Structure formats: C-alpha cells, structure tokens
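Comments concern the structure below.
The values are calculated or read from the model by the stated rules, or taken from the named source; none is laboratory data. This is a predicted model, so every value here is computed, not measured. Positions of Cβ are generated from backbone atoms using ideal geometry, with glycine treated the same way; all protein chains shown enter the neighbour counts.
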Amino acid sequence: MIKSLRKDFFSATVVFLVALPLSLGIAQGSEMNVITGVVAGIIGGILVGAISKSPVSVSGPAAGLITIVIAANAELASVELFFMAVLLAGIIQFLLGLLKLGEISEYIPNSVIKGMMAAIGIILILKQIPHLFGHDKVPLGDDRFIQMNGGNTFTEIFNSLGFTTVGAIVIGIFSLGILVLWKMPVIQKSKIEILPAALVVVVFSIVQNWVLGIVWEGHSVGGKHLVELPGISSLADIKNNFSIPDFNGISNGAVWFVAIQIAVVASLESLLCLEASEKLDPLGRNVSANRELIAQGSGNTLAGLIGALPITSVIVRTSANVNAGAKTKNSAIIHGFMLLASLLLLYPIINMIPKAALAAILVFTGYNLAQVNIFKKQWKIGLDAFLPFIITVIAILVTNLLVGILIGLFVGFIFVIKQALSVSIVFHEENDDTIVFDFGQQVSYFTKGKLKKRLNEMHNHQKLIYNFEGTKTLDLDAADVLRDYMHQNPNQVELKGASDRIKELLSLT
C-alpha cells in the first residue's frame, strides 16, 4: 500500500507538470480566462478521478474541444449561456452512462474517429499561428472556414501577420525547437527525458523572456502577451473570476445544440482514451465505459455550475501517468489537488509565462494529431478506410465539428453496409487450452463488438487460433481488434489459412 502510494505520488507530480501548462494553453486556445482551464483540470483530477473506475486515466480540459468552445461563445455571445451548455452536456453524458450506452462508441468506424482527431489537429495549428507570433487578440472568429466578415481561415491568418511581436516570435520558435528536440533519440534515450517537454518549454520561455529584456532592450514580452491567471486568496476573488450558468438558457435551442456537440465529442474522446488506457496499462485492467460516462458527466455538470472548460479523459495526461508508473487512480486525484495548490499559491510564477510558449505547445499537439503518417497509413489500408477518413477531415474543416462528424459517419456507414454482406464467426474450444475462432467468407464491421467481448473473456494460459480458411474479406475495424490482441499476446495467437491481404491487415502498426 505504501509502495503503491509512493509511486502514485511521483506519477501525480509528473502529470501535474504536464497538465498545468496544457490547461493554461487550452484555455488560451479556447479564448477563455485561463482560470477556466486550471479549474477544469482540478475537477478532472479530483471529482472525475474519484468516480471513474479507471486506474490510470486522467481527465481535464482537452484540445479536441477548443473549436467547439470558440464557436459556441461566438454563437451564444455569453459565457453564462456557454456554461449552461456545459452543464447540460454533463447531464446528457451522465444519462448516457446510466442507460448503458457507452458501448456505442465501439461501433463508430475508426476511420471517422481518426479523421475527427486529424481535423482537430489542423484547426489547432491554424488557430495558434497568430498567437505563436505575438498577435494575442482574437484573429480568427470561430472554427468555421468561411468567416462572418467574408474572409476565411487563411486570409485571417495572413491579416494577423501585420501585428506580430519580435519577442514572441523568438520565444515561439525556440519553444517549438525544444518540443521537436524532446522527440529525438538523443533525448529519449537519456535520463532527461523524464522531464515533461511542456514543462521545459514553460520554464525556458520564462528565462528566455527575462534574458531578452536584458540583452535586447524593448523586445521582451509583457502585458497581454503573458498569461494572466488571477490569484484566488479571498471570497471576492472567487466572485470576480468565476461565472455561474444562465439557467434561462435551458429554453434556448442554440444552447442545447452546443450541449449536444460537447456531449458527443467529449464522450467519444473520453471513451477512446479509456480504450487506449487499457492498452497502456501494464496490468491490462478493463474498465466500464458506462461508468466512465457517468464520471465524465459528473465532472462536466460541476464544470458548468462553477464556470470551467468542459472535460474529457486526455491521452497526453494518461500516457504520462502510465509512463511515470502510476498504480491506482490516486495519482489522478493527487494531481488535481496539486493543480488546486497552484491556483492558490503559484499564480505569480504562472503569470510570467509567455503566451507564445503555450501556443507552441498547442501547435505541436495539433501536429501530433494530424501527422502526415496518419494520412499515409489510412491510404495504405485502402479506399474503404481512406475515403471516410479524408471526407471527415475536409467536412470538419469547411463546416464545424458536429456537422463534419455526421457527414463522416454517413460516408463511413456506407462502406460498412457495403462490406456487411454476410457475417459468420464461430467460437469453439479445440481442447481446454485452445480456443478457435472460425471466420466465415466475409468478416464484417458488425463483428467488432462480439470479437472484443469474446477476447476479453480469454484466459492468459489459453492459446488462440484465428482460422481464416475460406475467408475472403476482413473488415478494418474487426482487424484492429484482432491485431491489438495479437500485439498484446504475441506468443498465444496462431494464424491459420490467412491470405496475404489478411496477414497485411493484422501486421499493420
């Protein structure tokens, strides 16, 4: 118990050092008071961490919701109405969990989900370019490609270049350089890698800005170019820096539209992160998707009530937690209390952070979501995966997140139906130690949930045979499930009668 708590405390410290700059950056990227990002991180750590059954997942404000937040505030023209939408989104998520609808996420085509994340990455990059160069007013309107003033995303970026700040450009470029350096083998193989890249960027940017003020007079950044986190030391500070929802918004259709967008995207991102956390967890512990929705719903309900950004389970924080050796969910909860302490005690230091450094962190986050390799991999799999993927990306970029996802789903399910001509899988025991999956002529998308359920019931000592004799087609999502199990249990799975195409699908990483 003591050993576990010690490891959880160390992991919490690492996650805190990752989460603080990201929370600030996401709030900045969302064009909200930075305190809303820190408070969201506190709620995600303490409340969601306590309710969730996941031993390693960590929640907080997510980059994937930035575009929704910006568009929602432009549409609603009131932060109080926006927080009402967050509250309603939390209630929707809570009800989805109670109704046991969490498993629905398992039936969304992976190509559509990957398209959504890639589009979010591209939007993040485009939104943060002006901030990276010191134009810290709101230059881009909302997340739509065609802007309300008649311009578009690219013309707005071009126009913002007339307001650049030399000091911010220097800090932004050096910050990006550090983030790139931290991914290189020379750092990854050294002990210094244990330091979170985001923390290094933040500390270096503060020092760099101080040095600029000495060696290059007039080119250090200050004022609106620095983080402005208000300290909380009295009830008056709480009153001045927190907003409560406008409950009259419950009859506003636009508020409900925003609430549904937040609930859908936050639920998808949380459940995908939950699935990833199970793969990252060295102990391979399974977690209820429905319980996770209840936890996320509780967090977003509170976030809406006290005026914080919406919350999801976040893969960056979760992977940092696992890599630092977390054993139980105490790590997530402790990191939440650390964020609370930073809001109460560390705000003078936080307010020395240049916004250009936070923009660099978000640009790099966007790059990781939309790497060229992701596009190449989808193309390599085939048109059945690439077309829903690229159409989802384009649809989100030229419309908005919810409409783009719906278009992607429509296209994705056309390909699903096209493949689902016949489904046949038989599970049987060859002996006590060997289970055989006999696949029919066509293995469709609709077998995904059935396969996941059966694989989760496997015992560690059992050998598994994938029998593809006579199988002509294997659905991409079903292949993902089978491939993941093979990678986790490389010495327990045997392929029988698999064609070269099926072997190729089961060997992609």
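Per-structure values
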read-out	value
Residue count for the range 19-40, restricted to those that are among the hydrophobic types (A, V, I, L, M, F, W, C) and surrounded by fewer than 24 Cβ atoms within 10 Å (Cβ to Cβ)	1
Residue match in the range 68-81 (condition: surrounded by 24 or more Cβ atoms within 10 Å (Cβ to Cβ), more than 17 Å from the chain's Cα centre (by Cα) and either of a type in the set (G, A, S) or closer than 25 Å to N252 by Cβ (or both))	yes
Qualifying residue in the range 46-53 (condition: modelled with pLDDT of 90 or more, under 15 Å from the mean Cα position of the chain (by Cα) and under 27 Å from I250 (Cβ atoms))	no
Qualifying positions in the range 477-508 - over 23 Å from F413 (Cα atoms) and either small (G, A, S) or in contact with a Leu (Cβ under 9 Å, 6 or more places away or on another chain) (or both)	Y485, M486, N489, Q492, V493, E494, L495, G497, A498, S499, K503, S507
In the range 41-66, residue surrounded by the fewest Cβ atoms within 10 Å (Cβ to Cβ) [restricted to those that are part of a helix (DSSP H, G or I) and either not assigned by TED's automatic domain parsing to the domain that holds A326 or not hydrophobic (A, V, I, L, M, F, W, C) (or both)]	G49
Positions within the range 82-101 being farther than 20 Å from G37 by Cβ and surrounded by 20 or more Cβ atoms within 10 Å (Cβ to Cβ), in sequence order	L88, I92, F94, L96, G97
Breaking point among (1) under 27 Å from S267 (Cα atoms); (2) modelled with pLDDT under 85, for I394	(2)
Counted residues, the range 214-234 - those being in a helix (DSSP H, G or I) and loosely packed, with under 15 Cβ neighbours inside 10 Å	4
Boolean, L464 is more than 31 Å from the chain's Cα centre (by Cα), surrounded by 18 or more Cβ atoms within 10 Å (Cβ to Cβ), modelled with pLDDT of 80 or more and closer than 19 Å to K496 by Cβ	yes
Meets criteria (under 30 Å from D475 (Cα atoms) and of a type outside the set (F, W, Y)) for I104	yes
Among (1) of a type outside the set (A, V, I, L, M, F, W, C); (2) free of Cβ contacts under 8 Å to residues at least 12 places away in the same chain; (3) touching a strand residue (DSSP E or B) at 6+ places or on another chain (Cβ under 9 Å), the one test that G440 misses	(2)
Any hit, the range 161-177, residues being surrounded by 12 or more Cβ atoms within 10 Å (Cβ to Cβ), within 21 Å of the chain's Cα centre (by Cα) and at pLDDT 80 or above	yes
Residue within the range 16-33 that is under 16 Å from the mean Cα position of the chain (by Cα) and outside any helix (DSSP H, G or I) present	yes
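Let's see how each residue does on (1) buried (at least 18 other Cβ atoms within 10 Å of the Cβ); (2) among the charged types (D, E, K, R):
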residue	(1), (2)
E469	no, yes
K472	no, yes
L476	yes, no
V481	yes, no
P490	no, no
E494	no, yes
S499	no, no
E504	no, yes
S507	no, no
